[in-house]
Amino acid sequence: MRQRKSFDFDEVAMTYSQYRYPNEKLVEHVFNRVRYADRILEVGCGTADYLSILSELLHARGFGFDISPSMIMEGTRKNHRVELMVADADQSFPYEDSRFDFVFNVNLVHYIANLENLFEESFRVLQNDGSVLTVTDSCQDICERTLTYYFPETLEIDKARYPGNSSITSAMKKAGFEGIYTTKVKTTFEFKKKHFEQYRNRAYSALRLMSEEGFEEGMKRLEEDMKHGLVIGKKAYTQIWGIKIAKRDFDLPTIFAVGFNDESSN
Ligand SMILES: C[S@@+](CC[C@H](N)C(=O)[O-])C[C@H]1O[C@@H](n2cnc3c(N)ncnc32)[C@H](O)[C@@H]1O
């Protein structure tokens, strides 16, 4: 079990709510791959902005939970259509078995102490043929993003916090998920005032974990670059997908092997 990375999300709930918003390209990417779902669950949903837009696009009922009561309070105020509650993803999820056809988490896994529990519980609450999705930052995403360019200290901070893709996929396999694969969404954008405000208000946890001097130095450099011309922002997201396949009561490879041997002996 990893050590839980403590961070006071109650304190930053309003900042996250005001300055963070779903990435459109990521939402489109997920929507195009899920297409159909009746009931969806976001684990560690924060103020439920991804959950709200995805449930609307999919015409699905949206459910979410988060460990922070302030995030859930703000999410409930903002996003009326979704059903939210306070719960810990390192414990049993507060839902019955086989309730959802899509279970996902975004920017959560680096706060989770017990990845095996996260995926075992995601598996339990999924129906057969349901999908699980983790959206996270790979080591490469962390190295190449604009945030790291202006605030180099955040590179080591986040490399130490984020579990690698292989830890995530092995916890998924252990939980029983099959058909595991990875996709990537890369975005480049003109860095505008709203992005500057995100950084200034430290709407990314790494900016709250770094030194004050490093933060001010990075803000100054960014301000200068924006004054002198176009700043191109870069951010990538890594998606890890899996499926809960219905339990087979026969062993497919054995049947094929027997058939093949029979033919060759004729
Ligand atoms: C970076 S925010 C992401 C929120 C949301 N998924 C999004 O992308 O907008 C991480 C969220 O994970 C929640 N979180 C951290 N540890 C958790 C845990 N053990 N169980 C449930 N939620 C947790 C935090 O309270 C916070 O709202």
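The values are calculated or read from the model by the stated rules, or taken from the named source; none is laboratory data. These numbers come from a predicted model, not from an experiment. Note that each Cβ is placed from the backbone with ideal geometry, even for glycine, and that neighbours are counted across all protein chains shown.
Miscellaneous remarks
- Test: residue in the stretch 175-183 that is within 16 Å of the ligand (Cβ to nearest atom), on the phi < 0 side of the Ramachandran plot and touching a residue at least 24 places away in the same chain (Cβ under 8 Å): no
- Selection within the stretch 59-75 - aliphatic (A, V, I, L, M) and within 18 Å of the chain's Cα centre (by Cα): Ile67, Met71, Ile72
- Residues (aromatic (Phe, Trp, Tyr) and touching an Asp or Glu at 6+ places or on another chain (Cβ under 7 Å)) located in the stretch 73-96: Phe93
- The listed residues are Tyr162, Tyr199, Tyr150, and the only one of them that is away from the ligand (no atom under 16 Å from the Cβ) and either within 22 Å of Val30 (Cβ to Cβ) or crowded, with 16+ Cβ neighbours inside 10 Å (or both) turns out to be Tyr150.
- The stretch 86-113, residues that are assigned to a loop (DSSP other than H, G, I, E, B) and among the aromatic types (Phe, Trp, Tyr): Phe93, Tyr95
- The set of residues in the stretch 114-150 being closer than 30 Å to Gly218 by Cβ and assigned to a loop (DSSP other than H, G, I, E, B) consists of Asp137, Ser138, Arg145.
- When Arg161, Arg124 are checked against the criterion of being among the basic types (Lys, Arg) and over 30 Å from Glu212 (Cβ atoms), Arg124 stands alone in meeting it.
- Residue in the stretch 207-217 that is within 22 Å of Ser17 (Cβ to Cβ) and in contact with a strand residue (DSSP E or B) (Cβ under 6 Å, 6 or more places away or on another chain) present: no
- Any hit, the stretch 63-81, residues being aliphatic (A, V, I, L, M), more than 23 Å from Thr238 (Cα to Cα) and modelled with pLDDT under 95: no
- Residue count for the stretch 112-148, restricted to those that are without any contact (Cβ under 8 Å) to a residue 40 or more places away in the chain, touching a Lys or Arg at 6+ places or on another chain (Cβ under 8 Å) and under 22 Å from Phe196 (Cα atoms): 1
- Residue in the stretch 103-112 that is away from the ligand (no atom under 13 Å from the Cβ) and on the phi < 0 side of the Ramachandran plot present: no
- Listed by position, the helices (runs of 4 or more DSSP H) enclosed by the stretch 1-82 that each have at least 1 residues that are within 8 Å of the ligand (Cβ to nearest atom) are 9-19, 49-58, 69-78.
- The criterion of being away from the ligand (no atom under 11 Å from the Cβ), in contact with an Asp or Glu (Cβ under 8 Å, 6 or more places away or on another chain) and β-branched (Val, Ile, Thr) holds for Ile142.
- Complete set of residues in the stretch 198-218 that are under 17 Å from Tyr111 (Cβ atoms) and not in a loop (DSSP other than H, G, I, E, B): Ser205, Ala206, Leu207, Arg208, Leu209
- Among residues of the stretch 83-102 being surrounded by fewer than 17 Cβ atoms within 10 Å (Cβ to Cβ) and of a type in the set (A, V, I, L, M), the one that is farthest from the ligand (Cβ to nearest atom) is Met85.
- Residues located in the stretch 138-147, provided they are surrounded by 17 or more Cβ atoms within 10 Å (Cβ to Cβ) and closer than 15 Å to Val231 by Cα: Arg145, Thr146, Leu147
- Residue match in the stretch 128-137 (condition: of a type in the set (A, V, I, L, M), within 16 Å of the ligand (Cβ to nearest atom), closer than 30 Å to Phe215 by Cα and within 19 Å of the chain's Cα centre (by Cα)): yes
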